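Note sheet for the following structure.
The values are calculated or read from the model by the stated rules, or taken from the named source; none is laboratory data. This one's a predicted model, so the numbers in the text were calculated from it and none came from an experiment. Here Cβ is always computed from backbone atoms with ideal geometry, including for glycine, and neighbour counts include all displayed protein chains.
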Amino acid sequence: MRWVVSVKGVLIVRGAVLLCLNDRGEWELPGGQLEDGERPRETVVRELAEETALHVRAGRLLLADTFEVVPGRTVLIVAYECASDGDLAVTVSEEHQALRWTPLDELDAIALPEIYRRAVRAV
C-alpha cells in the first residue's frame, strides 16, 4: 500500500497556534505533501513558507498517523513542532481561504480534525 504523506507544522506563539482554513471549511495545520527526494523536515519548512510566508525551523516530531481526509482518501500525517525567530506576519496562499492565530483555549470550539488537536497537544 502506498500513502500520500502530508507533513504539517505546529507553530505556537504567545499561546496561539497558526491554522489554515481549507476548502472543506475545516481548520488544519499548515503543511503539505512530501515531494520526491525531500525529507519531511524540509517539506514542513518549504510548505510553511509557501502557505504562510513564514520562515520556520522544524523541531521535534510530534506524531505520525493515518487520517481519512475525506471518505475513501487516507493520508499519512507527519507533524513537527516548529519555531520562528523572524517576523510573524502571515500571508495566505491560494491553497487556503484564511489563516488564523487561534488561542489554544479556543481549539475545542472550531472545526479542527482530532489528529491536528493531538499534534497541538503534543507540544
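A few points about this structure:
- The residue list GLY32, GLY9, GLY25, GLY37 contains one member that is out of contact with any Lys or Arg (no Cβ under 7 Å at 6 or more places or on another chain), within 17 Å of GLU95 (Cα to Cα) and part of a loop (DSSP other than H, G, I, E, B), which is GLY25.
- Exclusive hit being among the polar types (S, T, N, Q), surrounded by 13 or more Cβ atoms within 10 Å (Cβ to Cβ) and under 24 Å from ALA109 (Cα atoms), set THR52, THR74: THR52
- Among the residues listed as VAL45, VAL78, the single one being within 22 Å of ALA122 (Cα to Cα) and part of a strand (DSSP E or B): VAL78
- Every pair of residues 6+ apart whose Cβ atoms lie under 9 Å, when the first sits in the stretch 6-25 and is farther than 17 Å from ARG118 by Cα while the second is β-branched (Val, Ile, Thr) and surrounded by 17 or more Cβ atoms within 10 Å (Cβ to Cβ): ARG24/VAL69
- Subset of the stretch 77-98 that is surrounded by 15 or more Cβ atoms within 10 Å (Cβ to Cβ) and at pLDDT 95 or above - its residue that is nearest to ASN22 (Cα to Cα): ILE77
- Identity of the residue in the stretch 55-71, among the β-branched types (Val, Ile, Thr) and at pLDDT 95 or above, that ends up surrounded by the most Cβ atoms within 10 Å (Cβ to Cβ): VAL56
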